[in-house]
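Participant: Take this structure, written in structure tokens, and hold onto it; I'll ask about it next.
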Amino acid sequence: MTVLARQDGRTDPPAAGGIRARRPLFTARGREAVAGWLMSAPVIVLLLVFLVAPIAMAAWVSVSDWNGIGSPFASGVHAVGGRNYAALLTQPGLPQQQLGESLRNNLYYVIIVVPVQTALALGLALIVSRKRLAGRGFFRTSYYFPSMTSSVAVSILFLYIFGTAGVLNAIIGDLGGQGPNWLDDPNGVLHIVLSGLGVTTAPGALANHGFLGVSWWDWLAGPSVAMIAIIALAIWTTAGTFMLIFLPAIYAIPSDITEAATMDGANAWQRFRRITLPMLRPALFLVLTLGLISTWQVFDQIYLMSQGNPAGTTLTPAFLSYLTSFQDQQWGQGAAIAFILFALIVVLTIAQRLIISERRAGRAS
Amino acid sequence: MRSKFAIAALAAAGLAVLSTACSSGNGFGSSSASSAAAATPNKSALTLMFGSSGTAETAAVQQAAKAFTKQSGIPVQVIAASNLTQQVAQGFSGGTPPNVFYLDPLTFQNYAKDGVLDAYPSTLPNSSDFASALSQAFTYKSTFTCEPKDASTLALYVNTTDWQQAGLGAPPSNWSQLEADAKKLTTGGRAGLTIDQTHSGIDEFLYQNGGTVTNAAGTKVELDSSQNVAALTFLKGMLNQGIMKFPSQVGAGFSGQAFGENKAAMDIIGNWENGELESDYPNVKFKVYPLPAGPSGTHATLSFTNCWGVPKQQSNLAGAVDLVKFLTTSQQEMTFSKAFGVIPSLNTAQAQYVKTYPQYATFVQELAYAHPDIAIAGSTQALSAFDSALQQLGSGNPASILKTAQQNLQAVINQGA
């Protein structure tokens with residue numbers, strides 16, 4: 001069939017062009033399209049098998065009563081509609097409260113980690129990209145080192161640093177202070193600050209109302225002391241990776257623009273603010289998006305360092321989904337948590353895109 | 001238009017490939033092995049999956065498996081799981097669970113509820129040779145379903161050096177003596193008593209005060225009783241006096257570490273502490289006593305155990321039950337005991353254990369009035385929320401801690417029912 005068509009295509013007089021246009025599959029471009037699809041077919045099949053199908057299966061599990069035994073498509077598994085989602089979103093109880101707490105914990109994690117790691121990565125990239133810095137290669141490698149090291153090794157290292165009798169507390173002790181029980185301290189940082197100011201009990205308006213089973217007072221607790229240790233780890237490990245994204249973007253800025261600005265009398269800060277930063281916007285968008293997605297999915301550090309303890313203040317939705325599924329065998333609810341997290345990340349990423357592109361459009365006009 | 005059609009076609013083709021792969025492969029298909037096929041004895045290899053406490057336990061289990069193979073001709077693959085609960089769950093969802101595996105009481109409830117465990121004990125001769133606290137932990141709807149492999153109880157560890165320095169005599173036999181002794185043992189840098197800040201370290205006080213955790217049938221949570229409130233108030237009092245401290249207050253990961261480092265002179269903990277003291281704190285001189293009784297003279301402790309889980313749907317059910325039979329002889333249990341320090345689960349083996357280790361006889365004697373640690377299907381997170389609240393007992397309100405835990409656990413039971 002194809003062969004015939006191809007012969008047709010070659011031998012047809014130009015007058016038959018109209019017919020060819022109606023049968024685009026047989027034109028040269030059409031043939032290219034077929035070849036393109038054929039060549040990308042293996043990847044598409046792989047994506048279907050390893051990406052689309054598992055997501056579809058998880059979506060099914062999230063609306064089913066699958067108990068983790070045998071196939072989720074077996075005859076004994078029933079659809080239960082939105083029951084798993086309702087238990088998490090609308091019915092007061094422990095599942096809802098834990099989802100609320102995990103979202104709160106992760107929110108503070110994201111709010112601190114994303115800006116700090118982005119700023120740090122940008123700062124490191126700017127330093128390392130300086131032409132006059134001696135041993136640039138050494139610094140570039142050493143800043144990138146934490147990202148290459150396995151997260152297990154890094155997590156265990158941080159367990160020693162933040163232990164009660166660990167390195168950090170030894171240093172604080174030498175300076176005459178007394179460090180906290182880092183990984184065992186469930187107190188929120190903002191609550192600690194407030195109690196320092198003399199506010200120890202919640203005002204009734206905050207204590208008696210809340211969202212997702214967590215009172216507003218507890219939403220405002222801030223990250224726990226234990227979470228601060230994990231936040232420090234996350235920033236330390238990922239800043240180097242994102243530095244690597246900023247570096248080529250900085251190198252790509254034409255030096256004549258900077259020179260022209262210098263000639264016009266711009267100082268270093270003005271050059272950074274008016275030239276470097278705007279030209280880095282695509283890289284900045286990439287770093288922010290990747291950071292936002294990965295911080296909302298934080299799992300391995302939690303699994304290795306705290307398992308959600310102390311008092312559930314390092315619980316994150318991803319780890320909660322794991323616990324609900326594997327420990328309590330509530331597979332439907334565990335999958336539902338994963339999809340709620342998925343929806344949240346999609347919404348936040350779209351919002352971020354809109355904000356950044358809007359700003360860009362505003363600048364252009 | 002055209003490309004949309006092509007995408008749809010490819011997607012359809014991909015899904016078709018996928019669905020055939022799923023239905024024909026054994027990845028997600030239901031297991032083809034039926035219990036009828038398994039009833040006939042066969043020599044197909046068994047998998048034994050367990051969570052190891054260390055190299056001594058791994059070596060002992062491997063050795064036992066080898067001895068079984070020699071006797072029966074059935075090869076056994078021993079897998080020391082790094083995360084047992086997760087790996088067993090993966091096995092069940094893939095339709096190929098391990099033939100025999102260690103199973104904790106809480107996960108037991110999950111699987112028993114799903115009806116995937118073989119209730120083999122009735123076919124074995126030793127099924128009545130267990131203390132009731134142990135068999136009760138693995139009884140689902142009045143069927144004893146899984147044989148315990150070991151036993152542990154909580155007891156009172158006393159640092160004898162501290163004890164003599166404080167000039168104390170007989171060990172405390174009731175709560176008021178416990179409190180008085182803790183007060184005398186407390187010094188500037190050392191608490192008199194430490195206990196673990198979890199339900200597994202605290203619930204024995206509820207039972208000692210005549211309280212309970214659930215009703216006998218396990219259908220109703222009874223945590224918020226006045227006896228339980230009084231028990232937690234007693235503990236809170238000792239915390240506030242500074243004569244009892246939770247391990248995290250003295251910078252220890254668990255109470256046994258605080259005891260080993262002599263940040264506390266007494267500790268209520270299970271017999272796994274023996275190995276800890278032996279390997280990490282060999283210079284600590286200690287003695288083990290039964291727990292003091294509550295105000296009304298009630299003796300109680302908590303018991304902990306794991307069992308040999310055997311899935312109903314599997315490749316060699318008869319072989320798996322034979323393996324469990326081999327592993328639960330008095331002789332084999334004593335071998336395990338000598339290798340890595342566990343207390344045997346069989347009454348007959350315990351009699352030998354008490355003779356060999358008279359200093360640890362307390363743990364076995366306490367089994368007579370032990371209550372199994374709470375195990376309700378799907379309650380892991382409700383329990384960890386309870387633990388979080390107990391951690392704040394010093395500043396918290398005992399009644400509201402118990403009330404919240406009561407509601408959360410009852411919700412778990414209601415959801416499962």
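Participant: Between region B:119-165 and region A:104-177, what is the separation of their alpha carbon centroids in Å?
Facilitator: If we compute the Cα centre of each part, the gap is 48 Å.
Participant: Compute the angle between helix B:199-208 and the longest alpha-carbon principal axis of chain B, please, reported from 0 to 90 degrees and rounded to the nearest 10.
Facilitator: Helix B:199-208 sits at roughly 60 degrees to that axis.
Participant: On to the next question. So if I place +1 on the C-beta of Lys and Arg and -1 on the C-beta of Asp and Glu, and nothing else carries charge, what would the dipole magnitude of region A:212-346 be about its Cα centre? I want it in debye, nearest 20.
Facilitator: 220 debye
Participant: Measuring from label point to label point, each 7 Å out along Cα→Cβ, what is the residue A:134 to residue B:79 span in nm?
Facilitator: Roughly 5.7 nm, to one decimal.
Participant: Under a 10 Å cutoff between Cα atoms, tell me which one of A:275, A:192, A:111 has the largest fluctuation in the Gaussian network model of chain A.
Facilitator: Largest GNM mean-square fluctuation: A:275.
Participant: Quick one: among A:178, A:297, A:91, which has the greatest mean-square fluctuation in a GNM of chain A with alpha-carbon springs under 10 angstrom?
Facilitator: The residue that fluctuates most here is A:178.
Participant: Sticking with the crude label model, points 7 Å out along Cα→Cβ, report the distance from residue A:192 to residue A:354 in nm, one decimal please.
Facilitator: About 3.7 nm separates the two model spin labels.
Participant: Once the mean 1/r over all distinct Cα pairs of chain A is inverted, what Kirkwood radius in angstroms do you read off?
Facilitator: Numbers: mean 1/r = 0.0399 Å⁻¹.
Here the Kirkwood hydrodynamic radius works out to 25.0 Å.
Participant: Okay, moving on. Extent of chain B along each principal axis, from alpha carbon coordinates, in Å, largest to smallest?
Facilitator: Computed over the Cα atoms, the extents are 84, 62, 38 Å.
Participant: For chain B, what does the relative contact order come out to in percent, with C-alpha contacts under 8 Å and a separation of six or more? Please report the intermediate quantities before stating the final value.
Facilitator: Values: 728 pairs, mean separation 105.2, N = 417.
Relative contact order here is 25 percent.
Participant: Placing one identical point scatterer on every Cα of region A:269-323 and ignoring solvent, what is log10 I(q)/I(0) from the Debye formula at q = 0.12, 0.22, 0.26 Å⁻¹?
Facilitator: Summing over Cα pairs of region A:269-323 leads to -0.47, -0.78, -0.95.
Participant: Lysines within cross-link reach of residue B:287: Cα-Cα under 27 Å, excluding same-chain residues under 8 positions apart?
Facilitator: Once the sequence-local lysines are set aside, what remains near residue B:287 is B:149, B:183, B:184, B:236, B:245, B:263, B:338, B:355.
Participant: Rounded to the nearest 500 deg cm²/dmol, what is the calculated helix-only ellipticity per residue at 222 nm for chain A, with -39500 (n - 2.57) per DSSP H run of length n ≥ 4?
Facilitator: Helix contribution divided over all residues of chain A: -20500 deg cm²/dmol.
Participant: Roughly how many nanometres apart are two label points built 7 Å out from the Cα toward the Cβ at residue A:52 and residue A:281?
Facilitator: Placing both labels 7 Å beyond Cα along the Cβ direction yields 3.5 nm.
Participant: From the residues A:267, A:56, B:348, which one has its Cα farthest along the dipole of the protein assembly as shown in the positive direction, the dipole being from +1 and -1 charges on Cβ of Lys/Arg and Asp/Glu about the Cα centre?
Facilitator: A:267
Participant: Same structure, new question: Placing +1 on the Cβ of each Lys and Arg and -1 on the Cβ of each Asp and Glu in the protein assembly as shown, which of B:201, A:237, B:157 has its Cα farthest towards the positive end of the resulting dipole?
Facilitator: The Cα lying farthest towards the positive end belongs to A:237.
Participant: Additional query: Using the Kyte-Doolittle scale, which helices in chain A average at least 0.0 and also have C-alpha atoms spread 20 Å or more along the helix axis, with helices defined as whole DSSP H runs?
Facilitator: Span-like helices here: A:28-47, A:94-128, A:225-251, A:281-296, A:331-364.
Participant: Taking trypsin sites (Lys or Arg not before Pro) as exposed when DSSP calls them loop (any state but H, G, I, E, B) and at most 13 other Cβ atoms lie within 10 Å, what is the longest stretch of chain A free of them, the sites themselves excluded? Write out the running numbers ahead of the final one.
Facilitator: Working: sites that count: A:130, A:131, A:132.
After excluding every exposed loop site, the longest remaining stretch is A:133-365.
Participant: How far is helix B:226-241 tilted, in degrees, relative to the longest principal axis of the Cα atoms in chain B, given as a value from 0 to 90 rounded to the nearest 10?
Facilitator: Taking the Cα atoms of chain B, the angle to B:226-241 is about 60 degrees.
Participant: Moving to a separate point now. Can you give the net charge of the other residues whose Cβ lies under 13 Å from the Cβ of residue B:381, counting K and R as +1 and D and E as -1?
Facilitator: Values: positive: none; negative: A:101, A:328, B:387.
With Lys, Arg at +1 and Asp, Glu at -1, the net is -3.
Participant: Just how large is the dipole of chain A about the Cα centre, in debye to the nearest 20, putting +1 at every Lys and Arg Cβ and -1 at every Asp and Glu Cβ?
Facilitator: It comes to approximately 1760 debye.
Participant: Roughly how big is chain B's charge dipole about its Cα centre, with Cβ charges of +1 (Lys, Arg) and -1 (Asp, Glu), in debye to the nearest 20? Spell out each step's value before the answer.
Facilitator: Numbers: 22 positive and 26 negative charges, 161 e Å.
In total the dipole reaches around 780 debye.
Participant: Normalised by the empirical 2.2 N^0.38 Å for globular proteins, what value does the Cα Rg of the protein assembly as shown take?
Facilitator: Normalised Rg, Cα atoms only: 1.14.
Participant: Ok, one more. Which residue, B:126, B:306, B:316, tops the fluctuation ranking in a GNM of chain B built on C-alpha contacts under 10 Å?
Facilitator: B:126
Participant: Now for a different question. What net charge do the residues around residue A:220 carry, taking every other residue with its C-beta under 14 Å from that of residue A:220, with Lys and Arg at +1 and Asp and Glu at -1?
Facilitator: Every neighbour counted, the sum reads -1.
Read-outs throughout are calculated quantities, based only on the coordinates presented, and are distinct from any laboratory measurement. From a predicted model like this one, the values you see are computed outputs, not experimental measurements. No Cβ is skipped: glycine too gets one built from the backbone with ideal geometry, and neighbour counts run over all protein chains shown.
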